[in-house]
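The values are calculated or read from the model by the stated rules, or taken from the named source; none is laboratory data. What you are looking at is a predicted structure, and each value in this text was computed from that prediction instead of being measured. Note: ideal-geometry Cβ built from the backbone for every residue, glycine included; neighbour counts use all protein chains shown.
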Protein chains: 4
Amino acid sequence: MIVVMKKGATAAEIGSLIARVEELDLTPHPIYGEMHTVIAVVGEAVNVEPEMFLQLPGVETVTRIGHQFKLASRQTMPEDTQIALNGTVIGGSKLVVMAGPCSVEDRTQMLETAHAVKEAGARILRGGAFKPRTSPYSFQGMGLKGLELLAEAREATGLKIITEVMTPDAVPMVSQYADILQIGARNMQNYGLLNAVGRTQRPVLLKRGMMSTIQELLMSAEYIMSNGNYRVMLCERGIRTFEPMTRNTFDLNAVPLLKQLSHLPVIGDPSHGTGRWDLVAPMAKAAVACGADGLIIEVHPKPEVAISDGPQSLKPERFAQLMRDLKPLAQALGREL
Amino acid sequence: MIVVMKKGATAAEIGSLIARVEELDLTPHPIYGEMHTVIAVVGEAVNVEPEMFLQLPGVETVTRIGHQFKLASRQTMPEDTQIALNGTVIGGSKLVVMAGPCSVEDRTQMLETAHAVKEAGARILRGGAFKPRTSPYSFQGMGLKGLELLAEAREATGLKIITEVMTPDAVPMVSQYADILQIGARNMQNYGLLNAVGRTQRPVLLKRGMMSTIQELLMSAEYIMSNGNYRVMLCERGIRTFEPMTRNTFDLNAVPLLKQLSHLPVIGDPSHGTGRWDLVAPMAKAAVACGADGLIIEVHPKPEVAISDGPQSLKPERFAQLMRDLKPLAQALGREL
Amino acid sequence: MIVVMKKGATAAEIGSLIARVEELDLTPHPIYGEMHTVIAVVGEAVNVEPEMFLQLPGVETVTRIGHQFKLASRQTMPEDTQIALNGTVIGGSKLVVMAGPCSVEDRTQMLETAHAVKEAGARILRGGAFKPRTSPYSFQGMGLKGLELLAEAREATGLKIITEVMTPDAVPMVSQYADILQIGARNMQNYGLLNAVGRTQRPVLLKRGMMSTIQELLMSAEYIMSNGNYRVMLCERGIRTFEPMTRNTFDLNAVPLLKQLSHLPVIGDPSHGTGRWDLVAPMAKAAVACGADGLIIEVHPKPEVAISDGPQSLKPERFAQLMRDLKPLAQALGREL
Amino acid sequence: MIVVMKKGATAAEIGSLIARVEELDLTPHPIYGEMHTVIAVVGEAVNVEPEMFLQLPGVETVTRIGHQFKLASRQTMPEDTQIALNGTVIGGSKLVVMAGPCSVEDRTQMLETAHAVKEAGARILRGGAFKPRTSPYSFQGMGLKGLELLAEAREATGLKIITEVMTPDAVPMVSQYADILQIGARNMQNYGLLNAVGRTQRPVLLKRGMMSTIQELLMSAEYIMSNGNYRVMLCERGIRTFEPMTRNTFDLNAVPLLKQLSHLPVIGDPSHGTGRWDLVAPMAKAAVACGADGLIIEVHPKPEVAISDGPQSLKPERFAQLMRDLKPLAQALGREL
């Protein structure tokens, strides 16, 4: 921790800071500059929030050194985490594509989509049975019935299933059906839910909140991991900015940065990252080009009648075309699809 | 709903849009402009998301008309909602101030703070027993023990209690102790939690998420109200922007705008809105000047040792000074403190 | 400057950093922590950008200590700057209100508005003769003819004139007419223009860019002041955020923060800060409540036919009502209007 | 234009809106919905800002239909603009890479960099002689001497030159040396400067402002083009968001969106888009993958002593590696490097 004193801080103020640091069993190293005195604080103390020093007289700024995530950090585990799911490995050299509709709507829609995305090369089927909707008057998902349809589609195709879980008490039920539990962007800091999925052994896809920093995303992964579940994937799905022409701003910088900072697999979501089907293909390619380990893409047989996320859903034939285009791209990057 | 067709949309495209609209039992009104054809769609259909039309060929934009919040809207209920709490009325001409520490830390801290804020004129005591923290390694709150200390402070001072609830299953327990349930910024779109507090009859203070629009805040109030609990207060507590010198950007525009759009009381939180104790007093005054019905302010007897939010907590004497300064200001605005 | 080395930085890396620091005639103070080595660098070197150290091997972060603004800093000049303009003083205990239309449109409009705002208590008349417009096809202002109409309105009412200057070469001409030169938000970092107004002795109102930090605003003031013109006012006029219901987010936190950091007067612009006339009055009050030294407000006799900024312009009678309401508010805050 | 009236707007209010529309020689089409009356306005009137209707009683919202950019629009010119520069074509199937230091610092640095980037396959040499710096105390560029060094490097290598111009009066001088004029992010809405470069016939690289929308970028291109200079390239260089780990958020969504909306070439700037050299290579690949026509990349022989932008500059050998990696990627996308 680095404490910078204000210009003209008095000896008494500096002394009282040093005393406080020593009280906490930390070691102060004062450096007397021309303008500012700086105190470097060495040692680590549980439950010491650097910010508390800001209230001492004469203190200008306090800066924490190093990151707070430990289990998610690449410094802790230098090798890439690989998550195996009966034959599919997420985080290896092979890219993994998850695809399917935003919401599970009915049996025909699910089976039709499942067969189509499998055919095109997807390994995992997505579909929401519990939907976080801005309005209480919007469709909230089919619930248990939706989970059953997902299971039926898995049975029919062999695809693995990813679906969202929204409340801690639903975790056991959803885990019975899902191969991967999805934590949605709005729930990235729903700590009760993070703890609950952390206590299962199901792989978790953790979506970045639409206004969450990369550091906060990693801290939320840390919540899950510190409960014992290490099989976490990080998902960049766009952040909220001032730009109105796209639903979100797809922050692809996060992809190589997360790969640097963490050993966890990183998945790109160009559907939410753009909000427009006509941008999904180019941005899926961009996500792969900057190092994503996989993609999650919304596909719907009839986007024009989709109950949710129609504008960002690809039709099956467009998805198939994208998969064909991704193949040579993956190769040029030294990966496979 | 207004559908704007692309320049050069064909008659077939326009026809297929019109057909789709009629299929949904809505009435299309096409207007043929020089550049664009526009179709105004009259009628209301449950479960029709305007966005679905974006996937039809030739469609450029779709715009919803009117707001989606109903119960929270001032058009539905033109008079101000007033929330009575044994003698204290929130949303009337008298300003209500809630004050206390970020976290309940121990008995002495709570009782000392409770007496001090009461003395200064606060009506409601705040204190967190369950704390949403970015890091799983930070102090997570005292839990039930913290609730008991809050209750003891209420007993000792007669102040009402506001405290945060974080998970749906904790709602019954927290409701036993709290006079007002607080939904924190990170949980503004935790719909399971909104539904759970909506099923109680406890007043709810709903904080705007740091990434949430004013419209979304009102939709989250709608979740609570549509469950039957109409006693909701809206709280502006700062949003996240690019400015690094303050913890958040206190969006006071939201205060008069929420008063216009909704009948619910609006509370300002200058502690989180700024993140710096030295800005709390001026911004508390600003919140009152633009029409807030009350304030929630962090006060700690020793901010320099506070476990959380020390940098934005006022010492009791500074809080008392602020309360003295607010009195003439309230009068000049035709209100009382 | 504080340099934090990566975990596991080698002795060679630390040594090479130290060597580089000494090469620049600065003094390194290494502190060896448990995780990270930190090097505090003492001394000041012209043309050393701290960021350059980021390229040395083993360096994790570099942090500058202290602020870069000097002439604008309150540490340099602890007393408030007061700008006197024949009887009106900006930055003293008396609030100064500037009012008038967005654009000068014609003689009747200007004279009518000038008389009305004077009557209501404004001291300074605003009006744009050169208009920065997003579209090259929009009205670009009346130019010289507009300046003449402003001068005529000054003659007729005794009000002082503020008007925007957009290019360096127009500074001499605009200075002949204007009592205060306005630098618009889009030009806050137009350094050629800042230098040009810095070489005059006309007072300057410097508007914060819609994308600019508080630190950058002060650095732009520094450009003007370092050219010799010390009569600078800082203006908060709203920043761009994700919130779509208001044109800008009025960042009033900036007002008390600028007053702390700088001795320069601070003016609030609730017209641009909100973009909606129905929010102007409450936010004008809020700006005064948190310490603004004055206000700049758009007033138009017929906002519904205004060529620009109609939606945020007050009618004269609403402006007069606001001025009446501000009087007791100013008094309650220990100021006058 | 679409005008939505408030719920409960009176017949008189609707009548007065219709009268106003007809006054402006536009045609109103009222549609009477269940909740809201909507008036679609057909026709185009010069100098009518839709926003002015917001001031009429009973009006809730006003929405413009269609885009305001014309010359830059793909609807106006469906084919890609190709800018030829003695053998190099920007906007064709071949990607064009511009590379070089942030600032021109001295003769050796320029010549060494020029030879290195040419060797690696760059076609255009970048280097700043006039530098927009946040602080007036930072290095402001070598000026004319810098331009001469750029010309010397062109002579020595055959590379074309791109360099920034900051003020209207410097345009003739800079045009004598530069093959491409760069408008920096801070000057994207410096309309005097846009007009000045629009009056030359030099190709212009127009950088998106760090908080400018895609629509505003296109409107700024429109300023240049409406002056007669059609050879404009659009450059995405990162926008400002809340994320602190990167200097900017590289908004690659803008790349395919600009290609859809406009016929102008689009260039990606991963150096400013990330601010970190270790993210430049993956994000350069991402920019190419989503459709950029070229890249502009900062390269410096010794980034650790660069006067500006050292942290985001690549060393020549890393740049050469990136160029080698881009080759198969370009091929996989059906392009060449």
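Assorted remarks:
- Of all the criteria given as (1) in contact (Cβ under 8 Å) with a residue 24 or more places away in the chain; (2) more than 14 Å from chain C (Cβ to nearest Cβ); (3) of a type in the set (Val, Ile, Thr), the one not satisfied by D:Val89 is (1).
- Positions within region D:1-58 being polar (S, T, N, Q), in contact (Cβ under 8 Å) with a residue 24 or more places away in the chain, more than 14 Å from chain C (Cβ to nearest Cβ) and not in a loop (DSSP other than H, G, I, E, B), in sequence order: D:Thr37
- The residues listed here are C:Pro57, C:Pro78; of these, the one that is touching an Asp or Glu at 6+ places or on another chain (Cβ under 7 Å), not assigned by TED's automatic domain parsing to the domain that holds C:Gly228 and not hydrophobic (A, V, I, L, M, F, W, C) is C:Pro57.
- Residue within region D:187-194 that is more than 9 Å from chain C (Cβ to nearest Cβ) and either surrounded by fewer than 24 Cβ atoms within 10 Å (Cβ to Cβ) or in contact with a Ser or Thr (Cβ under 9 Å, 6 or more places away or on another chain) (or both) present: no
- Which listed residue is assigned to a loop (DSSP other than H, G, I, E, B), within 14 Å of another protein chain (Cβ to nearest Cβ), out of contact with any Gly (no Cβ under 6 Å at 6 or more places or on another chain) and touching a residue at least 12 places away in the same chain (Cβ under 8 Å), from D:Gln140, D:Gln75, D:Gln68: D:Gln68
- Test: residue in region A:263-280 that is surrounded by fewer than 21 Cβ atoms within 10 Å (Cβ to Cβ), farther than 29 Å from A:Glu105 by Cα and either of a type outside the set (A, V, I, L, M, F, W, C) or at pLDDT 95 or above (or both): yes
- Unique match (being more than 24 Å from A:Pro244 (Cα to Cα) and of a type in the set (Lys, Arg)) among B:Arg74, B:Arg64: B:Arg74
- Matching residues, region B:197-211, being free of Cβ contacts under 8 Å to residues at least 60 places away in the same chain, surrounded by fewer than 24 Cβ atoms within 10 Å (Cβ to Cβ) and more than 8 Å from every other protein chain (Cβ to nearest Cβ): B:Gly198, B:Arg199, B:Thr200, B:Gln201, B:Arg202
- Qualifying positions in region B:124-146 - surrounded by fewer than 23 Cβ atoms within 10 Å (Cβ to Cβ) and within 16 Å of B:Ile180 (Cβ to Cβ): B:Gly146
- Hits in region A:8-31 - residues which are crowded, with 17+ Cβ neighbours inside 10 Å and not hydrophobic (A, V, I, L, M, F, W, C): A:Glu13, A:Arg20, A:Pro28, A:His29, A:Pro30
- Qualifying residue in region C:287-296 (condition: surrounded by fewer than 24 Cβ atoms within 10 Å (Cβ to Cβ) and facing another protein chain (nearest Cβ under 7 Å)): yes
- The lone criterion from (1) at pLDDT 95 or above; (2) of a type in the set (Val, Ile, Thr); (3) more than 13 Å from the chain's Cα centre (by Cα) left unmet by B:Ile296 is number (3).
- Comparison of B:Leu264, B:Leu252 shows that the only residue that is in a loop (DSSP other than H, G, I, E, B), more than 8 Å from chain C (Cβ to nearest Cβ) and on the phi < 0 side of the Ramachandran plot is B:Leu264.
- Residue satisfying all of: in region A:212-230; assigned to a loop (DSSP other than H, G, I, E, B) and out of contact with any Leu (no Cβ under 9 Å at 6 or more places or on another chain); surrounded by the fewest Cβ atoms within 10 Å (Cβ to Cβ) among these: A:Gly228
- Within region B:267-312, being charged (D, E, K, R), assigned to a helix (DSSP H, G or I) and either more than 26 Å from C:Ala281 (Cβ to Cβ) or in contact with a strand residue (DSSP E or B) (Cβ under 7 Å, 6 or more places away or on another chain) (or both) holds for B:Asp278, B:Glu304.
- Some residue of region D:319-329 being farther than 23 Å from A:Lys327 by Cα, at the interface with another protein chain (Cβ under 9 Å from one of its Cβ atoms), more than 13 Å from the chain's Cα centre (by Cα) and crowded, with 24+ Cβ neighbours inside 10 Å: no
- One residue from B:Thr167, B:Thr134 being of a type in the set (S, T, N, Q) and within 18 Å of the chain's Cα centre (by Cα): B:Thr167
- Total residues in region C:157-184, condition more than 9 Å from chain D (Cβ to nearest Cβ) and outside any loop (DSSP other than H, G, I, E, B): 17
- Some residue of region C:117-125 being at pLDDT 95 or above, part of a loop (DSSP other than H, G, I, E, B) and at positive phi: yes
- In region D:238-247, residue farthest from D:Thr81 (Cα to Cα) [restricted to those that are surrounded by fewer than 24 Cβ atoms within 10 Å (Cβ to Cβ) and more than 7 Å from chain A (Cβ to nearest Cβ)]: D:Arg247
- Unmet requirement for D:Glu34, which otherwise passes all of (1) surrounded by 17 or more Cβ atoms within 10 Å (Cβ to Cβ); (2) over 20 Å from C:Pro303 (Cα atoms): (1)
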